[in-house]
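This report refers to the structure that appears directly beneath it.
The values are calculated or read from the model by the stated rules, or taken from the named source; none is laboratory data. Computed from a predicted structure; not experimentally measured. So basically every Cβ, Gly included, is an ideal-geometry build from the backbone, and we count neighbours across all protein chains shown.
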Amino acid sequence: MVTDADRKTGPDFQVLGKAEFMPVGGFSLPNGIEVSLLEGGSQDISKIDWIFPAGAVQAGKPLLASTVGNLMLEGTKNRTSAEISDLIDFYGAHLNVQSYYHNSVLTLVCLTKDLPVLLPLVEDVVRNATFDEKEYLIYINKRRQEFVIDSEKVRNLAARTFNKVIFGPEHPYGRVPELEIFDTMTRDEVISFYKTNYVPAGCRIIVAGRPGTDIQELLTRHFGDKDWNGGLPSENGFPQISSSEEKFHLVEKEGSLQSALRIGRPLFNNHHPDFIPLQVLNTILGGYFGSRLMTVVREEKGLTYGIGSSIVSYKQGGIWVIASEVMGDMRQAAVDAIKGEMQRLVDEPVDEEELALVRNYMLGEMLREFDGPFNTSDIYRSLLEYGMDFGFYSKMMSVIREITAGELQELAAKYMRPEDFYVIVAGK
Amino acid sequence: MIEFYRHKLANGLRILVHPDNTTPMATVNLLYDVGARDEDPDKTGFAHLFEHLMFGGSRNIQSYDEPVQMVGGENNAWTSNDFTNYYVNLPANNIETAFWLESDRMLELNFTPGNLEVQRKVVIEEFKQRYLNQPYGDIALLIRPLAYKVHPYSWPTIGKDISHIENATLDDVKNFFYRHYAPNNAVLAVAGNVVPDEVFRLAEKWFSGIPSRQVPHRKLPVEPVQTEMRELTVKRKVPADVLQLCFHIGKRNDPDFFVTDLLSDVLSNGPSSRLYQKLVKDEQLFSDVNAYISGDMDPGLFTVSGRVMPGVSVEVAETAIWRELSDIAGAGPGERELQKVKNKVESNLVFAETSSLNKAMNLAIYELMGDAAEINREIEHYRAVTAQHIREAAASTFRRENCSILRYLAENGENS
């Protein structure tokens, strides 16, 4: 049993020691596709990601990349949509496509024993999708409905406007879909994009879990074909960003009880030398539950259910953004409180106690993010886009441990000048 | 198979440990046998408000979150109609910190007016953000009182009305704590890179000094059998009509729970499921459709809900749903169809074992349901379900007299 004194001080604890990352194996397929292998975990399950250069940037317009990705699963030369979904469900597996700016990722998660049955299906989907007319229309109608409903949500209105304001409406990162797009896109465009971009050139495969000893043979058989070729994906040339002249934007939505806020600025990607140190500053500002923003805007003033900030890296740029949905009538008070906390980081150095807490929290987060082969493979995949490896995270650990309050204050002075920030409000 | 070890303290606290050395983390999960169903009908939303207050500091510890962050952990909580759950996920070599924190707030919470004021405002904002300011957000507030006239499931965990939270007093909150937050009313489950004996030792060290408390014996009013269909139509500023049908079913611990669960899976689990293929793909009457059960400890609900495609009449959409429900009640699932949903259950169990959080939480829930060992017997219950069982369950559940239907119509749509 413990004494009151024990209860007041609390037990001893250890801070995260050296980081150990899973070893990454791999091999090449006969057609040149590189496969990475992250083996580990306690269950005989596999997660396989196929990365294709088929994102919004290659598509050159909104909606196209994600439409192709989703419709691939809705019918091939050999199987109808119903047959494909029945097969996936029968094996209790998951197959889906996620589209991003610079690529689309097809992911299969299943019991390893079912790989010999499921990999032929994935091969069929990747190489022989037919984009049947009826399926196309069903899909477009469904997506249009979802878009209309999503457009009612203040958080989506704020997010779309923010990207448009920071990058410019013609920029791939700033382009927002409009309702008309659902009618102007054609099935021919969809088929053409699929043929050009779902090809071995630029494709990468990542396997995680316990895929068994046959995995190289299986992948070679289904995805290593030298006769599988297609178009030459291109990134359509990359424009400069063109931020809005106006720093304040209000998107009114009648009847809103809350307003969604996005306060932020353009920044850079994770190659920049200040990127990692800024992650520490960002965590203090709004990157965890005990952050300045959560403490003041939620806990002290009760103006919101949630508020946070993130520094997001894209392949060709980046942003720093604070996001929240706040009490509609108190929107100005919330904006002032946020700006006040930003200014405080410029004016006052962080004290050692708070810095120690953030260091330990960030190190714990890293341990969590790398827990297990599936989590580790997600990080590995995100690093690939930048031509980086886990060394990035070793560097992050050192910075987290060694950065000083003085350095943080210098970063704040450089990157948190109020005149550099945009304020977007959706609501009232 | 989730291997686990048991121990019980003299004050009634039950402890379960599942060792897993494939991860450097551990999850310490504390589940209290109190939920929204234990609230006074004039003071609803308390269990959830209370969950928030648990983070405001305890007798010896000013802030709950800071020590967690300091040891590299993260934590969260949830409240349901039946339970309130708290967990900390942290590097396994620091689990003692979790024992310190959880035991101190089980011992005595810091009841201050300041803390109540802040959390009151946060919960009110949550009410607005999730239930009032989102399209379709208030569906739970409408359907529950329709389906339940007497039982406390008639209100959602957020509460019946914002005013209940606005009027909560510090005394109300203190009474709630001493009535329900007790070692004899909780289960502590730990999963991850831990050694069972060490966990039991820590539990004795930190929790044995907490006295057991007088938890009122639960005696909730029984919902009388529904004898005729109930209907409610509302109009809202939303882009599409939504239909929601709720049918009364049994309790989580009833033997036919597994039958009802697979019935919902046959109807709508996965893109190859019946409702999705027929109503969304083939007939294009809905842009989305779902069937699911509540899994409540007291008799719960089977819900079928769908978002109607623009241009489709609500009557046609509704008729199509009834047709599907009557088809499965008449012919039951095919052999492959049944095998498919069983396979999904099995593979989900395997995937769930990759998370120490999942394992700890489920061990605790199964223990409060009656016996943690059930977690390893579940799969047999699912395997034993036959097509006949499912047909019979569909026939007895999907009757109009057993149905509460909400027609949630777009204000300027063609159906309103």
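Here B:Pro310 clears all of (1) surrounded by fewer than 21 Cβ atoms within 10 Å (Cβ to Cβ); (2) in contact with a Ser or Thr (Cβ under 9 Å, 6 or more places away or on another chain); (3) part of a helix (DSSP H, G or I) except the condition numbered (3). Among the residues of region A:204-231, those that are at pLDDT below 95 and within 22 Å of A:Gly69 (Cα to Cα) comprise A:Asp225, A:Trp228, A:Asn229, A:Gly230, A:Gly231. Here B:Pro113 meets each of (1) at pLDDT 90 or above; (2) closer than 29 Å to A:Gly427 by Cα; (3) surrounded by fewer than 20 Cβ atoms within 10 Å (Cβ to Cβ) with one exception, condition (2). Screening A:Thr76 on (1) under 15 Å from A:Pro177 (Cα atoms); (2) buried (at least 17 other Cβ atoms within 10 Å of the Cβ); (3) not charged (D, E, K, R) shows it passes everything except condition (1).
A quick yes/no check of all residues on (1) touching a helix residue (DSSP H, G or I) at 6+ places or on another chain (Cβ under 8 Å); (2) over 22 Å from B:Asn93 (Cα atoms); (3) assigned to a helix (DSSP H, G or I):
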| residue | (1), (2), (3) |
| --- | --- |
| A:Arg359 | yes, no, yes |
| A:Glu365 | no, no, yes |
| A:Ser382 | no, yes, yes |
| A:Phe392 | yes, yes, yes |
| A:Met397 | yes, no, yes |
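Scanning region B:275-298 for residues that are out of contact with any strand residue (DSSP E or B) (no Cβ under 6 Å at 6 or more places or on another chain) and either touching a residue at least 60 places away in the same chain (Cβ under 8 Å) or part of a loop (DSSP other than H, G, I, E, B) (or both) returns B:Glu283, B:Gln284, B:Leu285, B:Gly295, B:Asp296, B:Met297, B:Asp298. Taking the criterion of being in contact (Cβ under 8 Å) with a residue 60 or more places away in the chain and on the phi < 0 side of the Ramachandran plot, the residues of region A:118-137 that qualify are A:Leu119, A:Pro120, A:Val122, A:Glu123, A:Val126, A:Arg127, A:Ala129, A:Glu135, A:Tyr136.
For region B:208-224, the criterion of being closer than 30 Å to B:Lys359 by Cβ, away from chain A (no Cβ under 14 Å) and of a type in the set (Val, Ile, Thr) is met by at least one residue. Taking region B:83-166 and the helices (runs of 4 or more DSSP H) fully enclosed by it, the elements with 3 or more residues that are more than 24 Å from A:Gly10 (Cβ to Cβ) are at B:113-127, B:139-147, B:162-166.
Among the residues of region B:331-371, write down those that are among the acidic types (Asp, Glu) and in a helix (DSSP H, G or I). It would help to see each step written out before you state the result.
Our first condition is that a residue be among the acidic types (Asp, Glu); within region B:331-371, this holds for B:335, B:337, B:346, B:353, B:367, B:371.
Once the filter is applied, which keeps residues that are among the acidic types (Asp, Glu) and in a helix (DSSP H, G or I), region B:331-371 yields B:Glu335, B:Glu337, B:Glu346, B:Glu367.
With respect to the conditions (1) at pLDDT below 95; (2) more than 14 Å from every other protein chain (Cβ to nearest Cβ), B:Arg400 falls short on a single one, namely (1). Residues in region A:79-104 that are under 25 Å from A:Pro239 (Cβ atoms) and touching a helix residue (DSSP H, G or I) at 6+ places or on another chain (Cβ under 6 Å) were compared, and the one that is surrounded by the fewest Cβ atoms within 10 Å (Cβ to Cβ) is A:Tyr101. Filter region A:105-117 down to the residues that are without any contact (Cβ under 8 Å) to a residue 60 or more places away in the chain and crowded, with 22+ Cβ neighbours inside 10 Å and list them by number. The one that is without any contact (Cβ under 8 Å) to a residue 60 or more places away in the chain and crowded, with 22+ Cβ neighbours inside 10 Å: A:Leu106.
Condition test on B:Gly45, is it farther than 30 Å from A:Met22 by Cα, within 13 Å of chain A (Cβ to nearest Cβ) and not hydrophobic (A, V, I, L, M, F, W, C)?
Details: farther than 30 Å from A:Met22 by Cα: yes; within 13 Å of chain A (Cβ to nearest Cβ): no; not hydrophobic (A, V, I, L, M, F, W, C): yes.
Criteria not met by B:Gly45.
For region A:230-283, filtering for residues that are of a type in the set (S, T, N, Q) and more than 30 Å from A:Asp351 (Cα to Cα) leaves 9. Tally time: how many residues in region B:69-82 are surrounded by 22 or more Cβ atoms within 10 Å (Cβ to Cβ) and either more than 7 Å from every other protein chain (Cβ to nearest Cβ) or in contact with a Cys (Cβ under 6 Å, 6 or more places away or on another chain) (or both)? Residues that pass the stated criteria total 3.
Which helices (runs of 4 or more DSSP H) sit wholly inside region A:1-118 and have at least 3 residues that are basic (Lys, Arg), within 26 Å of the chain's Cα centre (by Cα) and more than 9 Å from chain B (Cβ to nearest Cβ)? Walk me through how you get there before you give the answer.
Values: elements: A:4-9, A:56-59, A:64-71, A:81-90.
Once the helices (runs of 4 or more DSSP H) in region A:1-118 are filtered for at least 3 residues that are basic (Lys, Arg), within 26 Å of the chain's Cα centre (by Cα) and more than 9 Å from chain B (Cβ to nearest Cβ), nothing remains.
Taking the numbered list (1) touching a Pro at 6+ places or on another chain (Cβ under 8 Å); (2) surrounded by fewer than 16 Cβ atoms within 10 Å (Cβ to Cβ); (3) within 29 Å of A:Asn156 (Cα to Cα) in turn, A:Met342 passes all entries but (2). The number of residues in region A:244-264 being under 22 Å from the mean Cα position of the chain (by Cα) and surrounded by fewer than 19 Cβ atoms within 10 Å (Cβ to Cβ) comes to 0.
Evaluate region A:139-147: report whether one residue or more is in contact (Cβ under 8 Å) with a residue 40 or more places away in the chain and either charged (D, E, K, R) or closer than 30 Å to A:Arg262 by Cα (or both). Write out each step before concluding.
As a first pass, look at region A:139-147 and keep what is in contact (Cβ under 8 Å) with a residue 40 or more places away in the chain: A:139-140, A:143.
Next cut, either charged (D, E, K, R) or closer than 30 Å to A:Arg262 by Cα (or both) only: A:140, A:143.
Within region A:139-147 (the criterion being in contact (Cβ under 8 Å) with a residue 40 or more places away in the chain and either charged (D, E, K, R) or closer than 30 Å to A:Arg262 by Cα (or both)), the answer is yes, since at least one residue qualifies.
The set of residues from region A:346-396 being crowded, with 19+ Cβ neighbours inside 10 Å, over 19 Å from A:Asp49 (Cβ atoms) and touching a Ser or Thr at 6+ places or on another chain (Cβ under 9 Å) comprises A:Val358, A:Tyr361, A:Met362, A:Glu365.
Restricting to region B:66-96, name every residue that is touching a strand residue (DSSP E or B) at 6+ places or on another chain (Cβ under 7 Å), free of Cβ contacts under 8 Å to residues at least 40 places away in the same chain and not aromatic (Phe, Trp, Tyr). Explain how you work it out, then say what you get.
Step one: list which residues in region B:66-96 are touching a strand residue (DSSP E or B) at 6+ places or on another chain (Cβ under 7 Å), which gives B:68, B:71-78, B:83-92, B:95.
Still in the list and also free of Cβ contacts under 8 Å to residues at least 40 places away in the same chain: B:68, B:71-78.
Correct list: B:Val68, B:Val71, B:Gly72, B:Gly73, B:Glu74, B:Asn75, B:Asn76, B:Ala77.
Only one entry of B:Phe127, B:Phe99 meets the criterion of being closer than 27 Å to B:Ser294 by Cα and surrounded by 20 or more Cβ atoms within 10 Å (Cβ to Cβ), and that entry is B:Phe127.
With respect to B:Gly250, is the statement that it is out of contact with any strand residue (DSSP E or B) (no Cβ under 8 Å at 6 or more places or on another chain), in a loop (DSSP other than H, G, I, E, B) and more than 30 Å from B:Lys149 (Cα to Cα) true?
Numbers: out of contact with any strand residue (DSSP E or B) (no Cβ under 8 Å at 6 or more places or on another chain): yes; in a loop (DSSP other than H, G, I, E, B): yes; more than 30 Å from B:Lys149 (Cα to Cα): no.
No; evaluated as a whole, the condition is false for this residue.
Might you check whether a residue that is in contact with a Pro (Cβ under 9 Å, 6 or more places away or on another chain), closer than 25 Å to A:Ala93 by Cα, within 12 Å of another protein chain (Cβ to nearest Cβ) and not basic (Lys, Arg) occurs anywhere in region B:234-241? Scanning region B:234-241 turns up no residue that is in contact with a Pro (Cβ under 9 Å, 6 or more places away or on another chain), closer than 25 Å to A:Ala93 by Cα, within 12 Å of another protein chain (Cβ to nearest Cβ) and not basic (Lys, Arg). Looking only at residues in region B:314-364 that are of a type in the set (Val, Ile, Thr), surrounded by 17 or more Cβ atoms within 10 Å (Cβ to Cβ) and farther than 22 Å from B:Asp265 by Cα, the one that is nearest to the chain's Cα centre (by Cα) is B:Thr354.
Kindly indicate whether A:Ile149 is closer than 20 Å to A:Gly60 by Cβ and among the aliphatic types (A, V, I, L, M). Spell out how you get there, then give the answer.
Values: closer than 20 Å to A:Gly60 by Cβ: no; among the aliphatic types (A, V, I, L, M): yes.
Judged against the criteria, A:Ile149 is not a match.
Among the residues in region A:344-363, are any within 14 Å of chain B (Cβ to nearest Cβ), closer than 20 Å to B:Lys128 by Cβ and modelled with pLDDT of 95 or more? No; the residues of region A:344-363 include none that is within 14 Å of chain B (Cβ to nearest Cβ), closer than 20 Å to B:Lys128 by Cβ and modelled with pLDDT of 95 or more.
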